[in-house]
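Have a look at the structure below, then the notes.
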Ligand code: GMT
């Protein structure tokens, strides 16, 4: 098949997922056309089945806000026509679903049909999409999609709760390439981070408010008296300065490293022991799944779709949002009991294997086959 994929090309979960999906489809022989404003960060391979079309947004002094959605819809029309695409798969509803609807209408006038699938990822529904300013367009464009998928049962329920959706939503859970995260730890790297064999905690996110990154610092501060530990903070975003400040205030700054955005997450995860994700909300928590694939138990909040990924007492622990004391207690419990830690590591890995890329890609292919014949 010839598939167009539209996503945010950044480190965010939706862009990572869409890019990994496109790469896997290309490996299976499909032609995949990425339509994005920048080369997706995870699109770091050469594959003759992968094409990348940059959306250029010409500016003009009149435009305080360059019309990205218009440029995107026009690029979609161009790529669909010139590369004879069979379908468009857009990730994150805003503004990708409405741009796809526009492209579909333009092509329909020319007698060319193009189905489009919208995958809902999280904040497009639970945060941004709900805003009154966007809601009518979001509802309309989701309903106009030829198929709708959500990355968790929780997100599906949230979507029906918050929008007047008249169509079925299929749940296709997020996936991870387990093989990629199944790395041998680099001892020298671990030694630099934890010279006295301290345990290593990791958090990775876009450091937005919803991630509660300050809770991560507090968890370390309260655990460190009971277990020698280091904390790696991966990613960047608006809350980072506050988290750095808090680490200094709580006197744990020498035990925390802020690594910024990193492409080689698998190397970092391979040397680490426990992953922390205290988010206010996660539709799924792709970072937690990647951690589990790297054999890391997860201490998370129980918000949103996290219980579909992280299993209480098996792959880690889940607590109420903001319950720093409970999270810290669980960190200590795991890090001071080597046998338990090892059992949880294996159980986390087994759970990640259920979401392995090879189990999930066929679900997308089956969905696509509803709209066009698979070659
Ligand atoms: O977490 C973010 O803010 C990034 C966001 C995105 O769209 O890139 O992530 C969402 O999609 C991911 C992939 O499906 C999910 O794993 C995240 O849980 C979800 N984030 C939220 O729901 C807050």
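With the structure loaded, tell me whether residue 302 is exposed (fewer than 14 other Cβ atoms within 10 Å of the Cβ) and touching a residue at least 12 places away in the same chain (Cβ under 8 Å) or whether it fails that test. So residue 302 fails the test. Listed by position, the strands (runs of 3 or more DSSP E) contained in region 1-112 that have at least 2 residues being within 16 Å of the ligand (Cβ to nearest atom) and within 24 Å of residue 206 (Cα to Cα) are 2-6, 31-36, 87-91. Tallying residues that are touching a strand residue (DSSP E or B) at 6+ places or on another chain (Cβ under 6 Å) and in a helix (DSSP H, G or I) within region 308-332 yields 4.
Of all residues in region 333-363, those being assigned to a helix (DSSP H, G or I), in contact with a strand residue (DSSP E or B) (Cβ under 8 Å, 6 or more places away or on another chain) and under 19 Å from residue 180 (Cβ atoms) number 3. Report whether or not residue 305 is away from the ligand (no atom under 13 Å from the Cβ), over 22 Å from residue 199 (Cβ atoms) and outside the structural domain of residue 127 (by TED's automatic domain parsing). Against the criterion (away from the ligand (no atom under 13 Å from the Cβ), over 22 Å from residue 199 (Cβ atoms) and outside the structural domain of residue 127 (by TED's automatic domain parsing)), residue 305 does not qualify.
Selection of region 165-190 for residues being more than 30 Å from residue 232 (Cβ to Cβ) and either within 16 Å of the ligand (Cβ to nearest atom) or at pLDDT below 95 (or both) yields 169, 170, 171, 172. Among the conditions (1) touching a strand residue (DSSP E or B) at 6+ places or on another chain (Cβ under 7 Å); (2) part of a loop (DSSP other than H, G, I, E, B), residue 303 misses just one, which is (1). Considering only region 256-285, how many residues are touching a helix residue (DSSP H, G or I) at 6+ places or on another chain (Cβ under 9 Å) and assigned to a loop (DSSP other than H, G, I, E, B)? Number satisfying all stated conditions: 12. Just to be sure before I move on: is residue 216 within 16 Å of the ligand (Cβ to nearest atom) and in the same structural domain as residue 257 (by TED's automatic domain parsing) in the structure I sent? It is true that residue 216 is within 16 Å of the ligand (Cβ to nearest atom) and in the same structural domain as residue 257 (by TED's automatic domain parsing).
Report every pair of residues separated by at least 6 positions or lying on different chains whose Cβ atoms are under 9 Å apart, first residue within region 278-296 and over 21 Å from residue 323 (Cα atoms), second part of a helix (DSSP H, G or I) and near the ligand (Cβ under 6 Å from one of its atoms). What qualifies is 286/13; 286/14; 286/17.
Go through region 193-211 and give me each residue that's within 21 Å of residue 322 (Cβ to Cβ) and out of contact with any helix residue (DSSP H, G or I) (no Cβ under 9 Å at 6 or more places or on another chain). Across region 193-211, the qualifying residues are 209, 211. Within region 316-338, is there a residue that is over 30 Å from residue 30 (Cα atoms), within 15 Å of the ligand (Cβ to nearest atom) and surrounded by fewer than 22 Cβ atoms within 10 Å (Cβ to Cβ)? Among the residues of region 316-338, at least one is over 30 Å from residue 30 (Cα atoms), within 15 Å of the ligand (Cβ to nearest atom) and surrounded by fewer than 22 Cβ atoms within 10 Å (Cβ to Cβ), which makes the answer yes. Among residues that are more than 15 Å from the chain's Cα centre (by Cα) and closer than 30 Å to residue 45 by Cα, residue 326 is not included.
The values are calculated or read from the model by the stated rules, or taken from the named source; none is laboratory data. Please read all numbers here as calculations on a predicted model, not as lab measurements. We place every Cβ from the backbone using ideal geometry, glycine too, and count neighbours over all the protein chains shown.
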